[in-house]
1. What percent does the relative contact order of region 122-232 come to when contacts are Cα pairs within less than 8 Å and at least six residues apart?
2. Taking 1 over the mean of 1/r across every pair of different Cα atoms in region 125-219, what Kirkwood radius in Å do you get?
3. Suppose R0 equals 22 Å. What FRET efficiency, 1/(1 + (r/R0)^6) with r the Cβ-Cβ distance, do residue 658 and residue 417 give to the nearest 0.05?
4. Relative contact order for the chain: what is it in percent, counting Cα pairs under 8 Å that are at least 6 residues apart?
5. Taking R0 as 51 Å, what's the FRET efficiency between residue 536 and residue 256 from their Cβ-Cβ distance, rounded to 0.05?
6. Only sites in a loop by DSSP and with at most 10 other Cβ atoms within 10 Å count here; which chymotrypsin sites (Phe, Trp or Tyr not before Pro) in region 434-463 make the cut?
7. Does region 272-323 classify as rounded, prolate or oblate by the C-alpha gyration tensor (a ≥ b ≥ c root eigenvalues; a/c under 1.5 gives rounded; else a/b over b/c gives prolate, otherwise oblate)?
8. List, largest first, the extents of the alpha carbons of region 175-323 along their principal axes, each in whole Å.
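Taken together, the values in this text are just the output of simple stated rules run on the coordinates, not laboratory data. Model, not experiment: these values are computed from the prediction. Cβ coordinates were reconstructed from backbone atoms using ideal geometry, including for glycine residues, and neighbour counts include every protein chain displayed.
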Amino acid sequence: MSYNVNTIIANTEALLKLRHDETLISTTPQRLHDCLGTAVMMAINENWTASKKRRESNRKAYYFSAEYLMGRLVYSNLFNLGILDQVKAALAQKGVNLAELEDIEDAALGNGGLGRLAACFLDSAVTCGIPLSGYGLRYRFGLFKQSFDERGSQKEEADDWTRYGDPWSYRRDKHAVKVKFADQTVIAVPYDMPIIGYNTDNIGTLRLWQCEPERELDFDAFNAQDYARALAEKNKAEDITRVLYPNDSTYEGKQLRIKQQYVLCSASLQDILRVYRSTHGSDLSGLSRFVAVQLNDTHPAMSIPELIRLLMADGMEFEQAFQVAKNTFSYTNHTVMSEALEKWNLDLLASVVPEIVEIIKKIDARCRADHPELFIIKDHQAHMANLSVYVSTAVNGVAEIHSEILKRDLFKDWYAVYPKRFQNKTNGITPRRWLGLCNPELTKLLEQYVSPGFLTRLDWLQVLKPLVDSEIVEQFNQVKRAKKEQLCQVIAKREGVELNPDFVFDVQVKRLHEYKRQLMNALSIMDIYLSLKDGSLTDFTPTVFVFGAKSAPGYQRAKAIIRYINQVAKRINNDPDVADRMKVVFVQNYNCSYAEHIIPAADISEQISPAGTEASGTGNMKFMLNGAVTLGTLDGANVEIVEQAGKENNYIFGATVEELESIRDTYDPMAIYNADAHIRRAVDTLVDGTVPTDDELKELHHALLHGASWHKADHYYTLKDFASYQAARLQANRDYRDRQAFGRKCLMNVASAGKFSSDRTIRQYAEEIWHV
Ligand code: 26Q
């Protein structure tokens, strides 16, 4: 492998001339991106074709996911090809700054953790040479763009991510397939994205389906001058893949969502069967010997009845089709929260995909016959998680504690019958994007102590542990300082807030949800602020508190929390009394690319969900790898992070799962509120005019104070964990001042992050589930 940078630059220039009659200098960042991307696609073309050829007749795994949060591809692709610095230098010579491409939009075809995990897995699989292809949906609009208005309320805007072109995918008309619904038939057209591995000629494929009408225009209606009707069919088809559902924690029983899911399932399976037949012949009974399909949560679970339907249409009996499906699919669960578990009303489902309902009923009957205590259908609803457990080879959670909770709680009855089916696959992150690309400074430092090449052998980082001395810590602290300066510039430009890089950077970035407890963080900040004001808190290291989060547009409580935090920020940032000691900034439109700036600059990583609620978390791993300490609960992968890095190098607080379970019915937040003046003072700022209040903030206040049994109440134990959170947070804040000791903790985290490479995760899937 060696890619010729001169050829890529020359082709970029030729394309700019051909398409726009422009030069590198005269063009826009968007057009430069489009042409540079195309030139890279030309360069990898041969390798891509060869990679597909090599895999043709072998056993393969397929990742089915409704979401892929790819982020910005230009830098990561150049980085993985090993030519980022050369391209940068070559362009610089011609007077062009590659940093201009910071304006290019992310491919945000995902909400958060689950979608980003899918993207990290593709990077790891191709880098490790594991035969894995992705199937998904090509939404016309990705996750909305977020801004805040004067009041600090979230505003959403459509994410027209392909407006200036999408050089990173090719339309493959010849593999388009038909997908039939009760009321319409559409064409699903695949767009293929190359997945460029790191330091390898191997190139994988992400195939994304886009819905189009069978015919572009209804000419009868057109000729009758009924233009609206003439276009109606086209719109109705395109509507299906028009927009990503911006919800990441509560499922919505919407017909359009069923159609999205069914297109993903049906089109992908038709495609897999086409390839299978072309290499293995028309007998589909051996399918599962060559095909393993991983379901990324239940969003693609209709694949199970759809495969059975396709096999039966091919002449197979139900029982045999059932066995083939069972041996083909495996299912990953990403949440234990009941409101996120998909349950489809059978009438609604039948109004869209009637044949699928018939097959689900057969599966339910088979299940109930064998195991009267188990069910797929209950109260006229299809439980997609149960379906996925029943018809699969393996079921896994995404962190040890989560996988245990699945066995003990959510799938207790299933575990009793199928104990061997249940596995754990602790999540991971790709070290290429989340260290090599976003933190070249730290990567370079680490290369001096760990052999170069550690980005594909992340466990090598542990050789650092005995080497950590005052000199390395000093070098690490300098890198951290540089990353903070860079972030300060980004934030000044985008948010108009000036920050001091000498401050502690305390960061919580993730989707906004009550269970993630951004509100607890904000109340704690309020308590710190008021304690600085009244002089009771003197031993405090100046701190910037950074938030980044999108709320689902219809999630009113989450939106109220955003507004409150923005009001808190405004109040604190405008108070000259504390200007030298604290700042609060809630960045707008937090996304993958913003994360790449923020995470390397963090000192403290906030991972503060109540134990048992966050399935894994993956942001926690990104912070760890970039040398932040975790301020967190014993939840999700935090448990394994401190297991690897040591409790002494992190700040763990709060109740354990067992403790929370034991107080579930007796939790009395009012008693805590009455007993603690600090909590009272902080919580009351929601309603007492410290910041502008409103009905929704009053409702939040009410909810915090009423026990978990009341329906409008805090199920997330905010007040329960508050005191221990505040103590741990202030401890970390004081410890920071010993720059050597704190830097050492950070580096011990870096050295312990090897386990959290998605290379390790994907190898475990390959060996323990897919057998590829
Ligand atoms: C479902 C039905 C209808 C509309 C939307 C949805 C939907 C979409 C996305 C439901 C859930 C999601 C996303 C869930 C998610 O991101 N879960 C996170 O997955 C990560 C990767 O495993 C974990 O690290 C996180 O703990 C988990 O919250």
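1. It rounds to 26 percent for region 122-232.
2. Details: mean 1/r = 0.0615 Å⁻¹.
After inverting the mean inverse Cα-Cα distance, the result is 16.3 Å.
3. The formula returns an efficiency of 0.30 here.
4. Across the chain, relative contact order equals 13 percent.
5. Numbers: r = 54 Å, r/R0 = 1.06.
The pair residue 536/residue 256 has a calculated efficiency of 0.40.
6. When the chymotrypsin sites (Phe, Trp or Tyr not before Pro) of region 434-463 are filtered for loop state and at most 10 Cβ neighbours within 10 Å, nothing remains.
7. oblate
8. Largest first, region 175-323 extends 54, 44, 35 Å along its Cα principal axes.
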